[in-house]
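The values are calculated or read from the model by the stated rules, or taken from the named source; none is laboratory data. Just so it is clear, the model here is predicted, and its values are computed rather than measured. For neighbour counting, all protein chains shown are included, and Cβ atoms are generated from backbone atoms with ideal geometry for every residue, glycine included.
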Amino acid sequence: MDSTRLEARYSARNYAPLPVELTRGEGIHLWDTNGRRYIDMMSAYSAVSFGHGNPELLQVLVEQAARLAVTSRAFHTDRLGPFLAKICEVTGLDRALPMNTGAEAVETAIKAARKWAYKIKGVPQGAAEIIVCSGNFAGRTTTIVGFSTEEQYRDGFGPFAPGFRHVPFGDADALRAAITPNTAAFIVEPVQGEAGIIVPPPGYLARCRDICRELDVLLICDEVQTGLGRTGRVLACEHEGVVPDGITLGKALGGGFLPVSAFVATDEVMSVFAPGDHGSTFGGNPLGAAVGHAALEMLIRDDLASHAAAMGHRLMAGLKAVRSPMIKEVRGLGLLIGVDFHPEMTTARIVCEKLVEHGILSKDTHGTVVRFAPPLTIQATEIDEALVHIAAAIREVENATAATERISLGA
């Protein structure tokens, strides 16, 4: 029995993968078990921003794994300090708390914000509120799905933790109106990824920062997906010159090899933690710290954010040049782009399946949007190659849809 059948037999049915079985990756390319090559236009939701099997990061991984991999935070290691210093240098914040997954980083931010509210702001115990945006996606833990507005993410998993309020994404006035004396923090994605690559109006994040400062509320930017070069800046909040009180990082921080994440914040926010308050067996392990440090060094040294901005402009222009009545909108920032299709004409899943046939790997979100977020190392010729196949796939779906409609009308 092949791997796909074994997966279908033994795996919980919490995923519906596209019909391709991958076995190898290098740079922006992936190969299936039949030897066919694909262009990866998703990069594992930004986790593979440096490309598959990046040789420089791989060497760091192998050398560190052979020397020391995991000790727990019960002891100091020689790799953690430099890693944390680099995170703070890159983000412009004071201290970092290392974890593993993006969801863990967000959970850490929630704990920090609540404790800050009680210990520093003076909110009555148990009354702290955190404001989030409709359409948010920060992970799959029960606390996080509890403040999601996507019903499927919540269905059957309650009861959920109280203490969260929703406001529309992109509406700074709604944020101001929602803040009360008990508000601890506003947690926001600078660009909403899972919601369908939703870019807020210009000036939105800067206004949110000003409102939060005025009303003594922490601004925490969830940059797990948008951070580390993805949107054409090292951090997406840099597009508006915003330095928040806290940032969550993950995905690309592990260089495409390991789950590595962190909550990074000001001294004041981090001062609420004492030994025993919070931790993780694997968080800050020497292996993850070494790879994360090397990934950050590569990001800055090679100016991958600027490269992503240029390649994103090229990709965006090429996608907008695809003329099809099925396309409702093309939107995004840097190399985080979504193509929204009219739901009455096709589904994003159908488009993604056709893209597989043309050697392009991507994934649908919210039924109508196909995301395009290749590794930041992609080159102009590779963008152009991908665009040829994307345009052909869309034309084929369009023609098949038109043929089906003709048959239906004829019947």
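May I ask you to verify whether R209 is crowded, with 21+ Cβ neighbours inside 10 Å, of a type outside the set (S, T, N, Q) and touching a Lys or Arg at 6+ places or on another chain (Cβ under 9 Å)? It is false that R209 is crowded, with 21+ Cβ neighbours inside 10 Å, of a type outside the set (S, T, N, Q) and touching a Lys or Arg at 6+ places or on another chain (Cβ under 9 Å).
Determine if the range 260-267 includes at least one residue that is surrounded by fewer than 18 Cβ atoms within 10 Å (Cβ to Cβ) and touching a Cys at 6+ places or on another chain (Cβ under 8 Å). For the range 260-267, residues surrounded by fewer than 18 Cβ atoms within 10 Å (Cβ to Cβ) and touching a Cys at 6+ places or on another chain (Cβ under 8 Å): absent.
Matching residues to (1) modelled with pLDDT of 95 or more; (2) closer than 14 Å to Y45 by Cβ; (3) part of a loop (DSSP other than H, G, I, E, B):
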| residue | (1), (2), (3) |
| --- | --- |
| V351 | yes, no, no |
| L355 | yes, no, no |
| V370 | yes, yes, no |
| P375 | yes, yes, yes |
| E382 | yes, no, no |
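Restricting attention to the range 311-327, does a residue exist that is modelled with pLDDT of 95 or more, in contact with a strand residue (DSSP E or B) (Cβ under 9 Å, 6 or more places away or on another chain), part of a strand (DSSP E or B) and not polar (S, T, N, Q)? Yes: the range 311-327 contains one or more residues that are modelled with pLDDT of 95 or more, in contact with a strand residue (DSSP E or B) (Cβ under 9 Å, 6 or more places away or on another chain), part of a strand (DSSP E or B) and not polar (S, T, N, Q). Of everything listed in (1) in contact with a Gly (Cβ under 7 Å, 6 or more places away or on another chain); (2) on the phi > 0 side of the Ramachandran plot; (3) surrounded by fewer than 23 Cβ atoms within 10 Å (Cβ to Cβ), the single unmet condition for G241 is (1).
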